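Some notes on the structure that comes next.
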Amino acid sequence: GRRVFALAYSRLGNDLRARSAPADLRLSLERLWPAVARHGLFKPVAIPLIGAGLSRLVELDRTQLLLLVVETFTRSLGLDPAVCPELRVVLRAGDLERTDLSVVESFLRGVDERGPALGPTGVG
């Protein structure tokens, strides 16, 4: 009864090192949410803090990565409110210590007040 969705947002070079850029992650997330809306059975979705590990997405810190996930999700809700009833972002203890949740809270308050906003990450 559980569905698993996967993202590809890194490229493997000839030196066998994974490389990624914020725009790659954004594109993958923007494509994820419509798939969740189509195939997710309108159930809550859990997602880890992606981009912080082996993908070597070093341009964004943990807070910016979390904002990217939340921002793309809220934008998708503007296009299709039936994506899913709840998004659960799962953070490891080490990531939680390095993530400023007050920034995410401020972003979400702004979304509540004015609808989906332009991205705070500056990643286009």
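The values are calculated or read from the model by the stated rules, or taken from the named source; none is laboratory data. Just so you know, these numbers come straight off a predicted model, no measurement behind them. Using ideal geometry, Cβ is built from the backbone for each residue, glycine included, and neighbour counts are taken over all protein chains shown.
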Residue ID - farthest from Ala6 (Cα to Cα), chosen from residues in the stretch 36-52 that are under 14 Å from the mean Cα position of the chain (by Cα) and small (Gly, Ala, Ser): Ala52
Among (1) buried (at least 19 other Cβ atoms within 10 Å of the Cβ); (2) touching a helix residue (DSSP H, G or I) at 6+ places or on another chain (Cβ under 7 Å); (3) modelled with pLDDT under 95, which single condition is Leu68 missing? (3)
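Looking for whichever is touching a strand residue (DSSP E or B) at 6+ places or on another chain (Cβ under 9 Å) and aliphatic (A, V, I, L, M) here; the options are Val70, Val58. Which one fits? Step through it out loud before you land on a result.
Values: Val58 fails: touching a strand residue (DSSP E or B) at 6+ places or on another chain (Cβ under 9 Å).
Val70 is the lone residue from the list that is touching a strand residue (DSSP E or B) at 6+ places or on another chain (Cβ under 9 Å) and aliphatic (A, V, I, L, M).
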If the Cβ limit is 7 Å and pairs must be 6+ apart or interchain, which residue in the stretch 1-16 that is of a type in the set (Val, Ile, Thr) pairs with which residue that is surrounded by 12 or more Cβ atoms within 10 Å (Cβ to Cβ)? none
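If you take the residues of the stretch 36-61 that are among the β-branched types (Val, Ile, Thr) and either in contact with a helix residue (DSSP H, G or I) (Cβ under 7 Å, 6 or more places away or on another chain) or crowded, with 18+ Cβ neighbours inside 10 Å (or both), which of them is farthest from Val89 (Cα to Cα)? Don't jump to the end; show me each part of the working.
Start the filter on the stretch 36-61 by keeping residues that are among the β-branched types (Val, Ile, Thr), which leaves 36, 45, 47, 50, 58.
Now drop any that are not either in contact with a helix residue (DSSP H, G or I) (Cβ under 7 Å, 6 or more places away or on another chain) or crowded, with 18+ Cβ neighbours inside 10 Å (or both), which leaves 36, 45, 47, 50.
Working: Val36: 15, Val45: 8, Ile47: 5, Ile50: 10 Å.
Selected residue: Val36.
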Scanning the stretch 1-35 residue by residue, those farther than 22 Å from Arg88 by Cβ, surrounded by 11 or more Cβ atoms within 10 Å (Cβ to Cβ) and more than 17 Å from the chain's Cα centre (by Cα) turn out to be Arg11, Arg17, Ala18, Arg19
Read through the list (1) among the charged types (D, E, K, R); (2) part of a helix (DSSP H, G or I); (3) over 20 Å from Val4 (Cβ atoms); (4) touching a residue at least 24 places away in the same chain (Cβ under 8 Å), then give the number of the only condition that Arg56 fails. (2)
Tally the residues that are outside any helix (DSSP H, G or I) and touching a residue at least 24 places away in the same chain (Cβ under 8 Å), restricting the search to the stretch 17-53. 18
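Mind listing just one residue for me: the one in the stretch 73-109 that is in a helix (DSSP H, G or I) and small (Gly, Ala, Ser) and, of those, surrounded by the most Cβ atoms within 10 Å (Cβ to Cβ)?
First pass over the stretch 73-109, keeping only residues in a helix (DSSP H, G or I): 73-79, 93-97, 101-109.
Those left that are additionally small (Gly, Ala, Ser): 76, 78, 93-94, 102, 106.
Numbers: Ser76: 22, Gly78: 12, Ala93: 6, Gly94: 10, Ser102: 9, Ser106: 13.
Looking at residues that are in a helix (DSSP H, G or I) and small (Gly, Ala, Ser), I get Ser76.
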